[in-house]
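Asker: Dumping the structure here so I can ask a few things about it.
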Amino acid sequence: MGKTRSRSRSTSRHRHRIKHKKRRTRSRSRSEARDKTNDRVRRSRIRSRSRDRKRNRRRDYSSSSSSSDEDLILRAKRREEEEKKAELERQRLQKQKELEEKLIEEEVARRVEELVAKRVEEELERRKDEIELEVKRRVEEAKKIMEKQMLEELERQREAELEAMRAKEEEERKKREGLEKIMEENNRKIKEAQRKLAEDQLKLVEEQRKMLEEKQRIEDQEKKRVKQEQEMILNKKSVRPKLSFSLGGK
């Protein structure tokens, strides 16, 4: 009985331990699951918060960047307008300065010109006689120089005309000599042609003479032959009976 009770007690204790372990395991797993769930929720909350922060930062940055860009554009436009105004003012001042300098230069030039003209007129009036004598001297000197140049020019022209005349005479002489040579050659050719013509004529006359002589010889021979034939005929007539008799005998 005691052993049975001890065994039942140990068994119940063992079962109780197993149940307790199972409970602890289940509780641990539940706590781990709760921890994981909480961790996921915490992470999702952190991610959502970070996304919200990023969105806010982007909005802030975009708004601040857009406002800063507009400020920069406005400042650039103002600076550009100020620079344009300053450039226009500088150009206006430069043109005004140039105009004033030009007017001053023109006024100075006019006054200098008037002063020079006045000084020249005074100097001319003071040195009138001296200048007239100097002018006459220079005029005479210029006349002499011009006369000398004209004489030299006339001499050059005369020499050029003489040279041209000599060249023309030389050219005419060469032409004349050339014509004379041509005429001599033509005369020589004419004489040679005449000599050949005379020789040909002599040959022709000689040939004609020979032909006439040959013709005369032939005619004489023909006459002689005809005469001989006539004589033969006459001789035959004079001895006809004999001939006829003899012919009859035959």
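Asker: Look through I104, I73 and report the one residue that is modelled with pLDDT of 90 or more and surrounded by 10 or more Cβ atoms within 10 Å (Cβ to Cβ).
Answerer: Values: I73 fails: modelled with pLDDT of 90 or more.
Checking each option against the conditions leaves just I104.
Asker: Any residue in segment 185-208 that is within 60 Å of the chain's Cα centre (by Cα), at negative phi, part of a helix (DSSP H, G or I) and of a type in the set (D, E)?
Answerer: Our first condition is that a residue be within 60 Å of the chain's Cα centre (by Cα); within segment 185-208, this holds for 185-186.
Within this subset, residues satisfying the condition of being at negative phi are 185-186.
When the remaining residues are screened for being part of a helix (DSSP H, G or I), the result is 185-186.
Checking which are of a type in the set (D, E) leaves us with 185.
Checked against the condition, which is being within 60 Å of the chain's Cα centre (by Cα), at negative phi, part of a helix (DSSP H, G or I) and of a type in the set (D, E), segment 185-208 yields at least one hit.
Asker: Do the conditions hold for V120, that is, is it in a helix (DSSP H, G or I), modelled with pLDDT of 90 or more and not polar (S, T, N, Q)? Explain how you work it out, then say what you get.
Answerer: On the way: in a helix (DSSP H, G or I): yes; modelled with pLDDT of 90 or more: no; not polar (S, T, N, Q): yes.
It is false that V120 is in a helix (DSSP H, G or I), modelled with pLDDT of 90 or more and not polar (S, T, N, Q).
Asker: Out of curiosity, is E140 surrounded by 10 or more Cβ atoms within 10 Å (Cβ to Cβ) and at pLDDT 85 or above?
Answerer: Values: surrounded by 10 or more Cβ atoms within 10 Å (Cβ to Cβ): yes; at pLDDT 85 or above: yes.
Answer is yes for this residue.
The values are calculated or read from the model by the stated rules, or taken from the named source; none is laboratory data. If you're wondering where the values come from, they're calculated on a predicted model, not measured in any experiment. In this analysis, Cβ positions are derived from the backbone assuming ideal geometry, glycine residues included, and neighbour counts consider all displayed protein chains.
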